[in-house]
Amino acid sequence: MNPPLNQPLPQPAPVPAAPPLRVLVVDDDEHDFHIVSHLLGRNTFATYQLEWAPSYVAGLEALERGGHDVAILDYRLGMESGLELVRMAQASNRDLPVILLTGHDSAEIDLESTRAGAADYLCKNGLTTGQLERSIRYALRHRNTLNELRQSQSQFELFMHNVPCAVAICDAEGAPLFQNRLFEEHIRDFDGDLRRRESATPWILRHQERCWLVTTFPMSLGSDRQLQGLAAIDITERVRSEEERLRQAQLLDNIMRNLPVIVGRLDVSGRVIEARGRLEHCGIAAETISGAVFTDVFPQSREAVERARRSEEVSFTLRGQANEREWHADFYAVGSPGVGVIFLGRDVTERRWLEQRLLTVIDAEQQRIGADLHDGLGQKLTGLACLAAALRDRLMRSDSDSAEQARVIAALSNDATLESRALARGLCPVQLEQAGDCSPRCRS
C-alpha cells in the first residue's frame, strides 16, 4: 500500500561517523604538545582524541592504564628517555603502535627506536600534518599486519591450502603425500620427475602453458622415511613480461640503429661504459667510442662534461670533418658526483646545411627586394617629385592654391623616396653602399 501523498518519505539512516583515534602524547614540553595538537587538528585522515602526559611517570601510568590507539612519545623526558617507555609499552601491550619524536635527526636514535619496537621515528623540526598522519596511519597498518600474522600462525594448515603457490610433500619416489589446491589443479598431472635435483637451485617448470619457479627441499621426520617438500610459484606473467621486455629492447636497438641519435653513459673517470646508436654523417658509432674516454675522443666537450659531472644539465655542440664534409652534432648530458654522466647526441648536419641554405636564399631575396626598391620604386618616386615640382613652378603665376598642392605632392614624394632608400639600405646595405646612392632629389 502506498503512503499518503502528504506524508514525507522515509529518509535513509545516517552513516555513523568513525570513532576518533585515541592518541597518547607523552611530552614534558607543553609547547610541543600544543604543536602536535595543532597538527592533528588539521586532520585529513581521521579525528583524534588526545591525552597529554607531561612527564615520564605520567606517561608510564597512562600506558599501564591503556585504552589508546596510538602513542606519541618524546625522546627526551627530563632525565629519562622515551626509549624506555617504548620498551615498556611493547612489553605490556605489544599491539599498541608507538611513534618516537625527537628534536633532531639521528641515525643512531632511529636504529635504537626500531630495535626498541617503535613503529616510526620523526623529527619535530619541519614536521607537517601530512607526515604525522601518515606515520600514524602506517603505524596502525603495521599493527594490523602483526595481528594478522599472529592469527595466521595459528591457522597454518588453512594457510597451506590457500597460499598463492603450489605446495606439495612427496615421498622418495616423487608421489605426492600432501598437495594444496594449486598443485592439484596445475602440476599434479605432470609426467616428469619432480624429485629433488642434484642442485638446490630453483628451476623452471613449463606445464599447461604456464611457468612455475620450482624449489625442492628435503624434509626429515626423524625416521628412515625421507620426504621432500616442493614449492612452486607461478611466474607466467613475469616470464611473459621479461619476454616482452626483451622484444622491446630488440625493437629499441633496431630503432637506435636507424635513428640519427646516440645515447650512452660515462663512468666517474669519463670513460664510455655503455652506448647505443650511431651518427652516420658524423662518423660516430657506439662501437667506436665504447671503452674510450669521451673527452679524449671529443676535446671540445671537456668543459661541458666537467659541468655535467657536477650535476648540471648541459647542452653542447660538437663539429668536425668527415668524408670531406663538415658535420654537426648536438649533445645533452647530465650526471651526478661519484656516479657518472648520461649523454644523448643527435646528428644535426643536414639541419645545419638546410639552415645555411635557407639563410643564403633569404639573403639573396633581400638583396633582390632592396635593389627593386632602390632602382625601381625609388626612381619612380623621384620622377614623381620632379614632375610635381615642375607643375608647382608653372602654377605659381596663375593658381597659387594648386601650386601649393603641387608643392605638397613634391614634398611627400621626396619623403617617400627617402623612406624607400632607407628600406633598401636595410635589406641590402653592402651592395647599395658599394653602388652608391645616385638618386636625385627634386627641390620641394
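The values are calculated or read from the model by the stated rules, or taken from the named source; none is laboratory data. This structure is a prediction, so every number in the text was calculated from the model and none was measured. Positions of Cβ are generated from backbone atoms using ideal geometry, with glycine treated the same way; all protein chains shown enter the neighbour counts.
Here are some notes:
- Given (1) assigned to a helix (DSSP H, G or I); (2) loosely packed, with under 12 Cβ neighbours inside 10 Å; (3) modelled with pLDDT of 80 or more, index of the condition Leu39 fails: (2)
- Test result for Arg257, modelled with pLDDT of 90 or more, basic (Lys, Arg) and more than 24 Å from Glu355 (Cβ to Cβ): no
- Scan of segment 143-178 for residues that are surrounded by 13 or more Cβ atoms within 10 Å (Cβ to Cβ) and under 22 Å from His68 (Cβ atoms), ordered by number: Arg143, Leu146
- Taken over segment 76-117, the residue count meeting the criterion of being closer than 26 Å to Ala46 by Cβ, over 32 Å from the mean Cα position of the chain (by Cα) and not in a helix (DSSP H, G or I) is 7.
- With respect to the conditions (1) loosely packed, with under 12 Cβ neighbours inside 10 Å; (2) part of a loop (DSSP other than H, G, I, E, B), Leu354 falls short on a single one, namely (2).
- Segment 307-351: number of residues that are part of a loop (DSSP other than H, G, I, E, B), more than 20 Å from the chain's Cα centre (by Cα) and either outside the structural domain of Gly270 (by TED's automatic domain parsing) or surrounded by 13 or more Cβ atoms within 10 Å (Cβ to Cβ) (or both): 1
- Condition broken by Gln379, with the remaining ones in (1) surrounded by 14 or more Cβ atoms within 10 Å (Cβ to Cβ); (2) modelled with pLDDT of 75 or more satisfied: (2)
- Taken over segment 119-132, the criterion of being closer than 11 Å to Leu39 by Cα and in contact with a Lys or Arg (Cβ under 9 Å, 6 or more places away or on another chain) is satisfied by Thr129 alone.
- Verdict on Val263 being without any contact (Cβ under 8 Å) to a residue 40 or more places away in the chain and under 16 Å from Phe343 (Cα atoms): no
- Test: residue in segment 59-74 that is assigned by TED's automatic domain parsing to the domain that holds Glu148, exposed (fewer than 14 other Cβ atoms within 10 Å of the Cβ), not acidic (Asp, Glu) and not in a helix (DSSP H, G or I): yes
- Put simply, of Ile99, Ile109 the only residue that is surrounded by 13 or more Cβ atoms within 10 Å (Cβ to Cβ) and either aromatic (Phe, Trp, Tyr) or at pLDDT below 85 (or both) is Ile109.
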